[in-house]
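Have a look at the structure below, then the notes.
Each reported figure results from applying straightforward, stated rules to the coordinates on display, with no laboratory input. Bear in mind the structure is a predicted one, so any value in this text is a computation, not a measurement. No Cβ is skipped: glycine too gets one built from the backbone with ideal geometry, and neighbour counts run over all protein chains shown.
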Amino acid sequence: MEIKLYDDFVSVANEVLKKEVKAEAKKGRVSICRTPFAGNDINVLVGVTGNIEGVVIYGMSNQTALAMASIMMEEEFHKVDEMVLSGIAELGNVITGLVSKEIEQKGYTIDLSPPTLIVGKGTSISSPNIQRIVVPLTTEHGALEVNISLRERQSKGGR
Amino acid sequence: MSKILIVDDSAYVRRKSKQLLVDMGFDVEEAGDGTVALSKYQEWKPDLVLLDITMPEMDGVTAVEELMKLDSKAKIVILTAMAQQSTLFKAVKAGAKEYLLKPLDETQVKEVIERVLSED
């Protein structure tokens, strides 16, 4: 059974973006993809295990990452360096972490991996047999795409 | 001046929380993982440890257990984006005194740290 969690991701992402990058996020058209995710310039991948399993990937351009990191750290960044990547990874970590609370409240157990960064446009990432829900978010600093590939684990089951 | 050790694998979180705590008047050191945190704890003897949960190598709950073995009176505050009750319960059961949710809220950080530092 595929689970519908994108509304939780949208509301949590909006809350985190407001606090961290001082921007409102507008949700675009949500779509369902079965093709592999073709990475953006910067992609933050958070693995999910438990009786909900899969992966959540946050993708954005270098320009968006620089703009967001500059607000987060109150310092102008012109180059994507380790500190910028660390800040962007943390955004993905915080959004997924806070959504995990909502998931737990739905009666599931869940554990998260530390965020993994994949840098480079066009990198193909796939989660076989799990559909990918693509949620585009737009902010004044640029676009953030949330790719949610999660499903309820069949063998152990949720509630 | 109270000494606080920040343990988080994210350079961004260490930088942000260090700025915040230094501005509050604390003496701050940082560690990027649980293993470094254990040796730094023994060397520097902080009054409080601010500890992330989701870290590679040694996760936060294991780090709490190890720190408590070193010092059963260690004051540990969990710093986490993982708001699930089950994870926080494990950390508290292992010996953590309190938790702070990311993204950090300045007022809450101050309140929780001062409360834990004032406990016997």
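Taking every residue in B:93-104 and counting other chain Cβ atoms within 10 Å of its Cβ, the average works out to 2. Rounded to whole numbers, the Karplus 3J(HN,Hα) couplings from phi for region B:5-16 are 9, 9, 10, 7, 6, 8, 4, 5, 5, 4, 5, 5 Hz, using 6.51 cos²θ - 1.76 cosθ + 1.60 with θ = phi - 60°, and x at Gly and Pro. Shown here is the pair-distance distribution of the protein assembly as shown: with all Cα-Cα distances grouped in 10 Å bins from zero up to the longest one, the shares run 7, 29, 34, 22, 8, 1 percent. Shape class of region A:26-72 from the alpha-carbon gyration tensor: prolate, with a/c at 1.5 or above and a/b greater than b/c.
The charge dipole of region B:3-118, taken about its Cα centre with unit charges on the Cβ atoms of Lys, Arg (+1), Asp and Glu (-1) only, comes to about 240 debye.
Centre-to-centre separation between the Cα atoms of region B:30-45 and those of region A:103-129: 29 Å. Counting neighbouring beta carbons within 10 Å and listing from fewest to most, the residues B:120, B:47 come out as B:120, B:47. Applying the Karplus relation 6.51 cos²θ - 1.76 cosθ + 1.60 with θ = phi - 60° to region A:86-97 yields 3J(HN,Hα) values of 5, x, 5, 4, 5, 4, x, 4, 5, 4, 5, x Hz, where x marks Gly and Pro. By the rule of a C-alpha distance below 18 Å, with chain neighbours fewer than 8 residues away ignored, the aspartates and glutamates paired with residue A:27 are A:7, A:8, A:15, A:140, A:145.
The shape of chain B comes out rounded: with a ≥ b ≥ c from the C-alpha gyration tensor, a/c is under 1.5.
Inter-chain neighbour count for B:71-81: the average number of beta-carbon atoms from partner chains within 10 Å of each residue's beta-carbon is 2. According to the square roots a ≥ b ≥ c of the eigenvalues of the Cα gyration tensor, what is the shape class of region B:1-48, taking rounded for a/c under 1.5, prolate for a/b larger than b/c otherwise, and oblate for the remainder? Note, shape of region B:1-48 comes out oblate. Descending by average beta-carbon neighbour count within 10 Å, the peptides A:131-139, A:114-122 line up as A:131-139, A:114-122, the highest first. For residue B:51, the residues whose amide H sits under 5 Å from its own are B:7, B:77, B:78, B:79, ignoring neighbours fewer than 5 places away on the same chain, with H placed 1.01 Å from N. Amide H to amide H, with H built 1.01 Å from N, residue B:102 comes under 5 Å of B:80, B:81, counting only residues 5 or more places away or on other chains.
Dipole orientation for chain B: of the candidates B:6, B:36, B:108, B:108 has the Cα lying most toward the positive pole (charges on Cβ; Lys, Arg +1; Asp, Glu -1).
With springs only between Cα atoms under 10 Å apart, run a GNM on chain A and tell me which of A:145, A:74, A:90 wobbles the most. Greatest mean-square fluctuation among the candidates belongs to A:74.
Applying 1/(1 + (r/R0)^6) with R0 = 22 Å to the Cβ-Cβ distance of residue B:36 and residue B:120 gives a FRET efficiency near 0.20.
Across peptide A:70-80, the average count of Cβ atoms from other chains found within 10 Å of a residue's Cβ is 1. Near residue A:153, the amide H atoms lying under 5 Å from its own belong to A:52, A:53; only residues 5 or more places off or on other chains count, and H is placed 1.01 Å from N. Listed values for region A:100-115 are Karplus-derived 3J(HN,Hα) couplings in whole Hz (6.51 cos²θ - 1.76 cosθ + 1.60, θ = phi - 60°), namely 4, 5, 4, 5, 4, 5, 7, x, 9, 9, 8, 9, 10, 8, x, x, and x replaces Gly and Pro. For the protein assembly as shown, the 222 nm mean residue ellipticity estimated from helices alone, with every DSSP H stretch of n ≥ 4 adding -39500 (n - 2.57) and the total spread over all residues, rounds to -12500 deg cm²/dmol. Taking only the C-alpha atoms of chain A, the Rg (one decimal) and the largest Cα-Cα distance, Dmax (whole number), read 15.0, 49 Å.
With K and R counted +1 and D and E -1, the other residues having a Cβ less than 14 Å from that of residue B:39 yield a net charge of -4. About the centre of its Cα atoms, chain A shows a dipole size close to 740 debye [charges on the beta carbon of Lys, Arg (+1) and Asp, Glu (-1) only; nearest 20 debye]. Magnitude of the charge dipole for region A:93-159, about its Cα centre and with charges confined to Cβ atoms of Lys, Arg (+1) and Asp, Glu (-1), is about 300 debye.
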